[in-house]
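A short write-up of the structure that comes next.
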Amino acid sequence: MSVYLLCAILFSIGLYCILRKRNVIKIIVGIIIAEYAVNLFFILAAYRMEGRAPIYAPDQQVENMVDALPQALVLTAIVIGLATTALLAAIAMRIYEKYGTFDITKIRELRG
Amino acid sequence: MIELHILLIFMIIGAIIAIEVKDLLSSVIAVSAVGLALSITFLILKAPDVAITQLVVEILILIILIQATLKRDLPFSTTGRWFLNTLIALAFIATFLSISYICFKDLPKFGYPILKVGSAYLREGLMKSGATNLVASVILDYRAFDTLGEATILFTAVIGVLSVVRRIGRKKVEEKIEEET
Amino acid sequence: MSREHEKGMSLIVKTVTRLTVGLILLYGIYIVSHGHLTPGGGFAGGVIIALSFVHLMLAYGKEMALKRMPRAVASFCEGMGALLFLSIALLGFTGGYFFLNFISKGEPFRLFSAGIIPLCNIAISLKVGAGLFAIFVALTLLKVLSEEE
């Protein structure tokens with residue numbers, strides 16, 4: 001229960017960074033931190049005490065394995081997060097080229 | 001599980017450093033430290049597939065973000081109604097945390113999952129699909145549609161980046177346009 | 001590979017890159033091909049293969065890396081990986097339904113077992129590796145072109 005709360009605190013740190021920071025790169029950092037927290041929450045929900053990884057070995061002794069389904073979902077989610085971050089970074093680089101700054105309040109004022 | 005708590009507190013401290021420091025390069029490196037601690041946490045939670053993927057993806061994110069922030073650092077100051085905006089954001093986050101605390105009481109205790117769907121995959125995964133890595137059999141045999149969707153998302157992201165980067169209609173760099181397109 | 005001192009990084013980085021980039025590529029291929037036996041799979045292996053080419057580009061500069069993996073080859077590999085994955089899925093129709101595991105299962109712990117899973121891993125790794133390398137080339141070209149103006 002306390003690990004779930006620490007995971008929610010990590011997510012809310014990322015959320016605070018998305019809401020309150022004015023630099024585009026800081027907003028991207030906040031999105032990355034929120035994504036890490038959500039992936040961690042999935043793997044925390046799949047853990048079983050005294051379990052082992054869901055991979056068969058030729059000489060295994062322990063029989064109960066942790067849940068394999070959330071691990072498959074998180075594997076896909078990590079690669080999707082990489083694609084999203086790459087697209088955000090490309091858009092941020094174009095914003096810097098066009099406006100000369102990373103500040104989101106100034107991007108509204110300079111037009112044309 | 002004392003090492004799990006220590007790693008989570010390390011991640012929280014790293015995240016606070018990443019969002020508060022003024023230099024952009026330092027905050028990108030702090031986020032990569034958080035990602036490395038996350039990969040070690042995945043190993044402790046007995047998920048080696050996810051740990052390998054998280055480690056190499058985090059290295060690639062670090063390289064891409066450093067390419068974006070090198071030589072583009074600009075300091076600036078805070079203006080406007082800073083105190084009121086911060087208070088509203090903190091009130092929203094406090095509401096979110098209190099509601100999530102109430103919801104987490106309904107989850108099963110940490111370490112004793114219910115496993116309604118997962119136990120079927122664990123029992124007969126080796127027999128029906130023949131792979132000893134059960135996570136690979138879930139991704140590519142039981143749930144292969146999700147992998148197809150994920151390949152589509154990667155394709156769309158590559159098309160998106162290549163279309164954002166392309167320059168059309170610039171008069172000074174015409175020879176570079178023909179070389180790029 | 002020549003020793004050009006005016007682009008890329010210093011001589012120490014270039015020498016170490018020359019020794020290790022083949023090993024990184026080989027390790028990526030190992031993780032992809034044993035994806036059904038040990039942890040790893042198509043996604044992690046594809047990212048490692050892309051990282052080996054990115055390593056080459058960071059140490060030697062853009063032209064040398066584009067000579068090893070030209071842009072046309074990268075876009076061909078990416079499309080071919082996606083089409084291979086879809087055709088393996090459509091071939092499942094010969095057995096019954098979409099994505100059916102129609103090749104024989106074999107015995108566990110051998111390299112040629114588990115039906116379509118190793119072939120799908122290879123297709124996914126081609127797609128992911130070529131796609132991520134294309135993203136990195138595009139972002140580096142943007143940075144270089146914006147600095148020359």
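The values are calculated or read from the model by the stated rules, or taken from the named source; none is laboratory data. If you're wondering where the values come from, they're calculated on a predicted model, not measured in any experiment. Counting neighbours? That spans all protein chains shown, and the Cβs are built from the backbone with ideal geometry, glycine included.
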Report those helices (runs of 4 or more DSSP H) wholly inside region B:48-166 carrying at least 3 residues which are under 26 Å from the mean Cα position of the chain (by Cα) and not β-branched (Val, Ile, Thr).
-> B:48-69, B:82-104, B:134-137, B:144-165
Tally time: how many residues in region B:129-167 are in contact with a Phe, Trp or Tyr (Cβ under 7 Å, 6 or more places away or on another chain), surrounded by fewer than 23 Cβ atoms within 10 Å (Cβ to Cβ) and of a type in the set (Val, Ile, Thr)?
-> 1
Which residues, taken from region B:130-171, are of a type in the set (Ser, Thr, Tyr) and over 18 Å from residue C:85 (Cα atoms)?
-> B:132, B:163
In the set B:164, B:158, B:173, B:135, the lone residue that is closer than 25 Å to residue A:90 by Cβ, at the interface with chain C (Cβ under 10 Å from one of its Cβ atoms), out of contact with any Gly (no Cβ under 6 Å at 6 or more places or on another chain) and modelled with pLDDT of 85 or more is B:164
Considering region A:30-59, residues that are under 23 Å from residue B:109 (Cα atoms) and part of a loop (DSSP other than H, G, I, E, B), and then whichever is farthest from the other protein chains (Cβ to nearest Cβ), we arrive at A:50
Please find, within region A:69-83, the residue that is farthest from residue B:117 (Cα to Cα) out of those that are facing chain B (nearest Cβ under 7 Å) and surrounded by fewer than 20 Cβ atoms within 10 Å (Cβ to Cβ).
-> A:80
Quick check, is residue A:53 surrounded by 21 or more Cβ atoms within 10 Å (Cβ to Cβ) and closer than 22 Å to residue A:19 by Cα?
-> no
Only one of A:24, A:3 is within 7 Å of chain B (Cβ to nearest Cβ) and either of a type in the set (Val, Ile, Thr) or over 22 Å from residue B:22 (Cα atoms) (or both); which?
-> A:3
